[in-house]
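Read the structure below first, then the notes.
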Amino acid sequence: MKITPGIYRCVTTVALPLASLYLMWRSRRQPAYRDYWDERFAWGTYPLRQDSRPRVWIHAVSVGETNAARPLLEAMLKAWPECDVVLTHMTPTGREAGKKLVRLAPERIHQCYLPYDAPYAVEKFVRQTRPTLGVIMETEVWPNLIEELARRQIPVVLANARESEKSRAQAEKVIDVMRPAFGSFSAVLAQSDEDKERLESLGARDVEVTGSLKFDIRADASQVATAHIWREAIGRPVLLLASTRQGEEEMFLDALKKHPELTKTVQIVLVPRHPERFTPVAEQIRAAGLKVARRSGLSDPKDIPEGTDVILGDSMGEMSFYCALATFTIMGGSFANCGSQNVVEPALAGSPVIVGPSTFNFDRIIREGIAAGGMVQVKDADGAFGVVEGWIAEPGRRAAAAEAARTFAQGCAGATDRMMKILEKLWSYARKNESRMY
């Protein structure tokens, strides 16, 4: 059946009971999904504008988008001291990560969930929050919400925008709904030329390639300092298995059986992507005959039990620590068919990165990182461990790869400044025309 905008509006309202069932299902492993339903379904009140201060609304769906928003949010707070901010999310982990951003200016930043894309819900959200300018991070395009903002002539920007071939194919299935939404953005700030082409094919206009904000993320200095203390105490190379997804831990544990000496020559640190999987992954590691220690129980590297094969990274908000700790990184999400997780942060920390065959989320960055000598792509987990063993055997080659990763990542910075030049123009326009919006 062909999905038209009218059918979509009906479906998003009628399907809300299914959304509540979805939240209950997710809450079995992550109880935080039971919280703040008044915000998700627009039953309560959103952060109201109680004075004449103009307002920026920033939507960052989950952890990655929230962390990427930080340099842009910092630039806005500095450039526009007269504004306040509403920061929205869709996941509990995104909301938790957002608490760190709120601490940048707690008197100016308000936080809540974005409601589901039912017409009544998004109308209430916009009417109560009254944004002057909207910024949506990366990929989160809600047609009813975008239509409501466009009806009120509120400028909205899709920032740090990326569009994989997989996402484009999904959008094309409902192109009559998605094309008007993409065409309503006042500006689309794409990460790459490939993203620009895909976004334009879906109807986006005024697309500018500004690069990725993830190259502008600054590591947490205290976490980096702690990581250096740990690295010295551990006394051997640290192999980080970063942001692993469902099924990848099994791949890595199976592959380790072919490389039995590896657990003796490196300290493995495994960080699952989702917190609800921490305990199941710990059980998997034990079932594989390996000794595991959980980061949450280690306040000091001296607490690591003797003979620990794997340190399980079961703490939230410590990615700067894990990346600075890593001598080399195998990136999760690239061995399952998930398109890879963020390769930028370990590269910035000077950790060469090994990826698997699935890289559609960071395709251009990974290709350029490989060309620069700071990243390596392999077919499977066995190949990844083979690369690690090669680096261990040749420290000079490992050091060169580390320096290449850091140099490449540093050379890609500057997206924040490029985006702000465009946002400044839209901000001035929005301030002059705000009386027409409400």
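The values are calculated or read from the model by the stated rules, or taken from the named source; none is laboratory data. All values derive from a computational prediction rather than experimental measurement. In this analysis, Cβ positions are derived from the backbone assuming ideal geometry, glycine residues included, and neighbour counts consider all displayed protein chains. The protein model used for the area step is the full one, side chains on, heavy atoms only, and it has no ligands, DNA or RNA in it. Shrake-Rupley method; radii C 1.70, N 1.55, O 1.52, S 1.80 Å.
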Please give the Cα centre distance for region 3-66 versus region 87-166, rounded to the nearest Å. 10
Region 112-247, accessible area per residue, ligands and nucleic acids excluded (1.4 Å, Å²): 37
Which of Leu48, Leu87, Leu189 fluctuates most in a GNM of the chain (C-alpha springs under 10 Å)? That residue is Leu48
Using a Gaussian network model of the chain whose springs link C-alpha atoms within less than 10 Å, name the residue from Lys302, Lys124, Lys196 with the highest mean-square fluctuation. Lys302
Per-residue accessible area for Ser222 at 1.4 Å probe radius, Å² rounded to 10? 80
Beyond a 27 Å Cα-Cα separation, which of these cross-linked pairs lie in this structure: Lys100/Lys302; Lys214/Lys425; Lys99/Lys264? Lys100/Lys302; Lys99/Lys264
Sparse-neighbour loop sites [trypsin sites (Lys or Arg not before Pro); region 376-438; at most 11 other C-beta within 10 Å; DSSP]: Lys379
Top of Lys99, Lys264, Lys214 by mean-square fluctuation, Gaussian network on the chain, Cα under 10 Å: Lys264
Of (i) 117; (ii) 253; (iii) 140, which one was derived for volume of the Cα convex hull per residue in Å³ from the structure shown? (iii)
When 1/r is averaged over all different Cα pairs and the result inverted, which Kirkwood radius in Å belongs to region 1-95? 15.9
For the cross-link pairs Lys257/Lys379; Lys2/Lys173; Lys2/Lys124, which exceed 19 Å when the distance is taken from alpha carbon to alpha carbon? Lys2/Lys124
How do Ile366, Ile392 rank by accessible surface area computed with a 1.4 Å probe, from largest to smallest? Ile392, Ile366
Amide hydrogen neighbours beyond the local backbone of Phe328, cut-off 5 Å, H modeled: Val238, Leu240
For the full complex of protein chains and a 1.4 angstrom probe, list Ser192, Ser20 by accessible area with the highest value first. Ser20, Ser192
What ranking do 231-242, 349-360 get when scored by the average of other Cβ atoms within 10 Å per residue, highest first? 349-360, 231-242
Whenever you get a sec, line up Ser164, Ser428 from highest to lowest accessible area (probe 1.4 Å, protein heavy atoms). Ser428, Ser164
Leaving out same-chain residues fewer than 8 places away, which aspartates and glutamates sit with a Cα under 16 Å from that of Lys421? Glu74, Asp206, Glu208, Asp216
Full extension between Ala400 and Arg53 adds, at 0.36 nm per residue less the Cα distance, a length in nm of 119.8 nm
Nearest 0.05, what FRET efficiency do Arg205 and Glu283 give at R0 = 56 Å with Cβ-Cβ as r? 0.65
How about region 18-75: which GluC sites (Glu not before Pro) there are in a DSSP loop, with at most 11 other Cβ atoms within 10 Å of their Cβ? none
